[in-house]
1. At a threshold of 8 angstrom on Cα-Cα distance, excluding pairs fewer than six apart, so keeping six or more, what relative contact order does the chain reach in percent?
2. Hey, got the Cα dimensions of the chain along the principal axes, in Å, largest first?
3. Between residue 2 and residue 21, with labels modelled 7 Å along Cα→Cβ, what's the label distance in nm to one decimal, could you check?
């Protein structure tokens, strides 16, 4: 687990419940997309403003 945090540590961190949390609004969209695609439970969704 924690694939998204390991792939994109500048964007995601793991909280005390073991869930990934976005820690910043990111301009590293490519990294965030890779993390979303790699998430085994499809828990990451991305929205572009």
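A short reminder: the numbers here are calculations on the coordinates, not readings from a lab. None of the values given here were measured: they were computed from a predicted structure. Neighbour counts are summed over all protein chains in view; Cβ atoms, including those assigned to glycine, are modelled from backbone coordinates with ideal geometry.
1. Details: 53 pairs, mean separation 15.9, N = 49.
Computed value for the chain: 32 percent relative contact order.
2. Its Cα atoms span 28, 20, 16 Å along the three principal axes.
3. 1.5 nm
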